[in-house]
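To start, the structure itself, in structure tokens.
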Amino acid sequence: MNLFNPFRIIARNRQNIIISWIAYRKSFRYNVKMEIMSAKELAKYLRINEKMIYRLVQESRLPAVRIGGKISFARELIDDWILENTQREKLILLAGSDDPLLKKIIDLFNAAQKGISVFYAPVGSMRGLELLKDHVASVACVHIYDVEKKAYTLSYIRRYLESENYAVINLFFRDQGIYVPKGNPAGITSISDLASGSIRFINRRKGTGTRLLFDFLLMEAGIDPSRVNGYDREAESHLGAGTVVATGGADASVGIRYIARILNLDFVPLFKERFDLVVPYERFGNAQTKAFLDFLNEPLFMHSMKDHQGYDMSQMGSILTKDAR
């Protein structure tokens, strides 16, 4: 799927030196005969198994060309690929659900660390998993409810990533509910009240975990989405949805308690949801990922998180998958 890569612009400045060096190398390429290698020769050059070479080609992660029906590799392109990936290894590209506490965690981590940076793209849980599957993101952050089992499970790993080669780490739990203006003038007490027709509602974007949860709660209550006035109006973030309610553009929306407190809105609690980090096992033990996960357990960091109403961090950092390699 050829969709917009949110990290391309975010990381552009950080990669300028690498890009310039690659361009410098390419400027000589037309004057030099390129060295072509076979898969076996490349495996020896990279010191990895030949099967891994074919796997990387199949996943479009390694530059290759077919010559005479066989897969071949230009050494100069491989050297560029190594250089680009060396720079990438210093970064954690995190994509998925929008969350203000996670944004604060990332800012604190980036300020405290040297040589490692986290870039965050709040594109929604589903898009985060797509970017992880396509090897664009290195970590995904998600909150996806299992509507069949009516619980938070790990079924989304197999369903959306088509693999179980991922570690899942709990980041926190958070309160989801309905934003209403101060004093709750419409007297909203449950999700059923949103179907009255008189309540102006603004929804979250398709593909977000909040939208998936809201659709499930509507289904559980036997409410057709068409009965919600404004179901097709969408906000990009929790803050965006809350701001529309706070400024009178809607009577209600769905989001997290923390944003309701910031915007001085009333909050009707609906659900306590689990918020996970998903990391490929191949990256789970590397220095960058380990540094970020270790940061979550530092006493000074935990102390700074105390004032975030609507979050439960009692299980932060706990590994939910059985196979924690």
What distance in nm separates the simple spin-label points at PHE301 and SER314, each placed 7 Å from Cα in the Cβ direction? 2.1
Lysines whose Cα lies under 21 Å from that of LYS90, excluding same-chain neighbours fewer than 8 positions away: LYS103, LYS104, LYS114, LYS133, LYS290
Go through 35-44, 250-259, 146-155 and give me the packing order, highest mean Cβ count within 10 Å leading. 250-259, 35-44, 146-155
Nearest-5 percent of antiparallel DSSP beta bridges in region 91-233? 10
What translational D, rounded to a whole number of µm²/s, comes out for region 175-272 from Stokes-Einstein when the hydrodynamic radius is the Kirkwood one over Cα pairs, at 10 °C and 1.306 mPa s? 124
What residues from region 137-159 fall in the zone where the backbone N is under 12 Å from a label point 7 Å along the Cα-to-C-beta line of PHE216? 143-156
Residue span LYS150 to GLU76: 0.36 nm per residue of separation minus Cα-Cα distance leaves a gain in nm of 21.4 nm
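Every number here is computed from the coordinates shown, using simple stated rules; none is lab data. This is a predicted model, so every value here is computed, not measured. Every residue, glycine as well, gets a Cβ built from its backbone with ideal geometry; the counts of neighbours run over all protein chains shown.
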